[in-house]
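The values are calculated or read from the model by the stated rules, or taken from the named source; none is laboratory data. Please read these numbers as outputs of a predicted model, since none were measured by experiment. Please note: Cβ atoms are built from the backbone with ideal geometry, for glycine as well, and neighbour counts cover all protein chains shown.
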Amino acid sequence: MQVVSPELIENKRVLLRLDLDVPIENGVIQDDSRLLAGMDTLGLCLEFASTVTICGHLGRPEGKEVPELSVKPIVDWIEEGYGHIQLPEGKLHILENLRFEPGEDGMDPMFAQELASHGDVYIFEAFATHNPSVSTTMIPSILPHAAGLQFAHEVEQLLQVRDNPIKPLVVILGGAKVDTKMPVIKAMAAKADAVLVGGKLAAEIKEKGITDLGPNVMVAKLNEDGFDISDETLGAWMGLIKTAKQVVWNGPVGKFEDPKYNQSEKIAKAIIESGAKSIIGGGDTVSAVTKYGLVDKFTFVSTGGGAMLKLLADGTLSTIEALK
């Protein structure tokens, strides 16, 4: 997988796929972390390319123009950040939400050709977006292409966990959707010293009567109301976290939005205090550690929860394959 470089893009028109899927309320971006993750790549492209055209998804308008899902707030955010740079007129362009076009998710070859006409080189910088669409799947088959700096870094960090983990490795999985996370539990059980399962995920596993998870998978006992892991489970997990050299965490272990359910905060602090290389991912996980004021204390923060889990389980993503 080629990574963007000055030599690849110099004096060429770049079509840059950024991750624009950020929460917006009343026209104001609530969390700009995904945008920030792509700024090194955007800066490189602005420095060396002749023009840069940004494209991306926001929400699920299903092929219709939905004013609330316009990229206008993102345009304002980018222009404010780059307002101090005197760009040549017409160098930076930002396309409207690609999902306003039915052809994007419909994999329309004509729309793919139209989108590809905006660039000589395609740079993909949207790790969290991995489901098939024109911009994720078809454009790399039309234009010379490369991965963005953040995308390549995320892939490197997560494949290191899968292929060459630092031992002892502890993996913590919370949240919900047992059907989605079961492949990850099994894949990580083969790599990790311990896989700790909490949140609604633990309840779902017990409800379904799933028992064949392996001796190093510890499914949490929940507290009486089922909204957090029990003190007994937390105590058992703390010793494992304390001695870990690498920790991967995806999904809070309880209802972190309510201050009385604070086991996720205790786990976050224990990971940091362990000194282990720490990798976290998933929107709720990042929201939780941001709420605790701890997000900057982790070694690496992935921009994509679902993509992170799929890469750990399968060892690749459709976007990685498209960029090869």
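Per-structure values
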quantity: Residue ID - farthest from residue 57 (Cα to Cα), chosen from residues in the stretch 110-127 that are buried (at least 23 other Cβ atoms within 10 Å of the Cβ) and aliphatic (A, V, I, L, M); calculated: 123
quantity: Given (1) over 24 Å from the mean Cα position of the chain (by Cα); (2) touching a residue at least 40 places away in the same chain (Cβ under 8 Å), number of the condition residue 67 does not satisfy; calculated: (2)
quantity: Within the stretch 6-56, considering residues that are outside any loop (DSSP other than H, G, I, E, B) and polar (S, T, N, Q), the one surrounded by the most Cβ atoms within 10 Å (Cβ to Cβ); calculated: 41
quantity: Options 156, 114, 79; residue that is among the acidic types (Asp, Glu) and within 19 Å of residue 46 (Cα to Cα); calculated: 79
quantity: For residue 207: the one exception among (1) at pLDDT 95 or above; (2) of a type in the set (Asp, Glu); (3) within 24 Å of residue 313 (Cα to Cα); calculated: (1)
quantity: Selection within the stretch 98-125 - closer than 27 Å to residue 48 by Cβ and outside any helix (DSSP H, G or I); calculated: 117, 118, 119, 120, 121, 122, 123, 124, 125
quantity: Selection within the stretch 4-41 - touching a residue at least 60 places away in the same chain (Cβ under 8 Å) and over 18 Å from the mean Cα position of the chain (by Cα); calculated: 4, 5, 8, 9, 12, 13, 14, 15
quantity: Test for residue 276: is it more than 29 Å from residue 23 (Cβ to Cβ), crowded, with 17+ Cβ neighbours inside 10 Å and touching a strand residue (DSSP E or B) at 6+ places or on another chain (Cβ under 7 Å); calculated: yes
